[in-house]
Amino acid sequence: MLAGPSLQALLETLMSARAPGRVFLSPPLLPHWGHRIEDRGGRAVPLRDAAPHGLASLRAVLAEAEPGDQVWLDLGDPGGIAGEDAVDAFLALAGGAPDLLVVLLRDDAPFRPRTQRLAVDRPGQVLLLRENAGACALGRPALVRSLAAAAGWDATGDPLPPLPVSGGDLLVLDVDGVLIDPGRAFMEAVAGALGELAPDLAWHDEDYLALKRAGGFNNDFRLTAAALALAEQGGLPYRGGALEPLEDRIRAFEPRCRTAVRAHYARTRSLERPMVARERLADVPNLAIFTGRPPEELGFAFELLGYTLPAVADSAPHLRKPRPEGLIQLADAFRAERITFVGDSLDDAAALRGARALRPELAWRFAAVGPERGRFAEIADPQAAGLLDLLESGELA
């Protein structure tokens, strides 16, 4: 797995590692990347006919591939090549073109079993680029290592972690309440944002905790928006009940809330404290993070902790807990068969159980920590006051 801060950084690395010849691009990629490719001596060629029923142009590209040629497909582009059958058909052909590098961007369905393994298990030179807290390029180990070496990156340390062994164990950790004690950082940031956005609103710690306990508010931008939506309906203090009828108003408020909460969190994050040093995790071979923090706040967490880990952050709606796709993305990236997720909230538990339902062929386990773990843990779930207690108990082995 080749890691980087962004998709742009990884694509720049690809161009640095091997001088491009022709680069055939999905049309939406051309405005941003065409001139960069030309500046490096390559030739940017748009794939005008890349629709699901028009694979002929792609077949022609593959048939005449020359050393240095690349194809960049944006799988998130609704006007481009789409659908599992079309992608699989194209990749089957690409496996017979050894001189062609195929780069797949932003898979449109992270829950599909093929999402990560299509790059790792396919013949030929196929890379899948995905975004999480930063970005990662997944592919056959020899290809990934050769790119890292050509780009001058150390293949033994960051940013190229060793590819996990297929069929292994993976331990996934939440951040807040597991690796970091947030104290009152987020609670104060939300209170400050609401004081700015709705000065007359009566808001208390109990309201914050009630929404957290209700589930679906792992993201504090969304929680703040829900508070404003509830206030419009006279629903504060919140004492339970369905929030689905307010969903449109919550979404409408969220952009303003995001800006306000971020501004206040810049001050309140000084209240956070690290809970687990990296050396306490040294015996865990495959380790990752699934967090409700957006990428920039995950960056603050890494600064506080003093180390980084492969991570999926709240960077897109489908990666927002309690949805399970972030866990599935990590399981596929690590090619894991047994996954344990340590969390401290109802949303964490729901994400794990959703992943189990979508991918029942894998062994999923939730481990509950924190003072309210009894509210969301099931009988079979390991439980402890904190991650260190779980590690010392041996229940995560």
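Taking the beta-carbon count within 10 Å as an exposure proxy, list Met15, Met187 from fewest neighbours to most. Don't skip to the end; give the middle numbers.
Numbers: Met15 20, Met187 17.
By the 10 Å Cβ count, ascending: Met187, Met15.
Would you list Val103, Val144, Val172 from fewest to most Cβ contacts within 10 Å? Present the calculation step by step, with values, prior to reporting the outcome.
Details: Val103 24, Val144 21, Val172 31.
Arranged by neighbour count, lowest to highest, Val103, Val144, Val172 become Val144, Val103, Val172.
Compute the signed sum of charges (Lys and Arg +1, Asp and Glu -1) over the other residues within less than 12 Å, Cβ to Cβ, of Ala231. The partial results should precede the final answer.
Values: positive: Arg249; negative: Asp200, Asp207, Glu232.
Around Ala231, the surrounding residues sum to -2.
What is the distance in Å between the Cα centres of the stretch 330-353 and the stretch 176-234?
If you average the Cα positions of each part, the centres end up 25 Å apart.
Laboratory data are not the source of any read-out in this text; all were calculated from the coordinates shown. These numbers were taken from a predicted model, which means no experiment stands behind them. Cβ sites come from the backbone with ideal geometry, for glycine too, and all protein chains shown count toward neighbours.
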